[in-house]
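Q: Questions regarding the structure given below will be posed in turn.
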């Protein structure tokens, strides 16, 4: 199993702590600061991370809600999920910001 962690940079510390905890449990994690290096294509890196992951872990907050990148990652994963019901989405709520309608059923 591999987990893609989607987050806004403002929530980086919480996201990093979660990523470390998952790795310590033997779970594979795609986390942007570990996978995308200076000069790498951000979009290319995200595409690889999303396509290689079985679980989309959404770190949700007011910051994530305002992020175009997080929205793009959600849409990309949901598009991929249409053809594969084994893919999972796990929202992690950092505050009371309502989840997007497309994700609220998870």
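Let's see how each residue does on (1) part of a loop (DSSP other than H, G, I, E, B); (2) in contact (Cβ under 8 Å) with a residue 24 or more places away in the chain; (3) surrounded by 15 or more Cβ atoms within 10 Å (Cβ to Cβ); (4) touching a helix residue (DSSP H, G or I) at 6+ places or on another chain (Cβ under 6 Å):
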site	(1), (2), (3), (4)
58	no, yes, yes, no
64	no, yes, yes, yes
69	no, yes, yes, no
74	no, yes, yes, no
77	no, yes, yes, yes
83	yes, no, no, no
86	yes, yes, no, no
89	no, yes, yes, no
96	yes, no, no, no
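Q: Go through region 1-21 and report how many residues are surrounded by fewer than 19 Cβ atoms within 10 Å (Cβ to Cβ) and free of Cβ contacts under 8 Å to residues at least 60 places away in the same chain.
A: 10
Q: For region 26-42, enumerate the residues that are surrounded by 12 or more Cβ atoms within 10 Å (Cβ to Cβ), at pLDDT below 85 and assigned to a helix (DSSP H, G or I).
A: Residue satisfying the conditions is 35 alone.
Q: For residue 48, indicate whether it is in contact (Cβ under 8 Å) with a residue 60 or more places away in the chain, closer than 25 Å to residue 85 by Cβ and within 14 Å of the chain's Cα centre (by Cα).
A: Criteria not met by residue 48.
The values are calculated or read from the model by the stated rules, or taken from the named source; none is laboratory data. Note that this is a predicted model, so its numbers are computed, not measured. Here the Cβ is made from the backbone with ideal geometry for all residues, glycine too, and neighbour counts use every protein chain on show.
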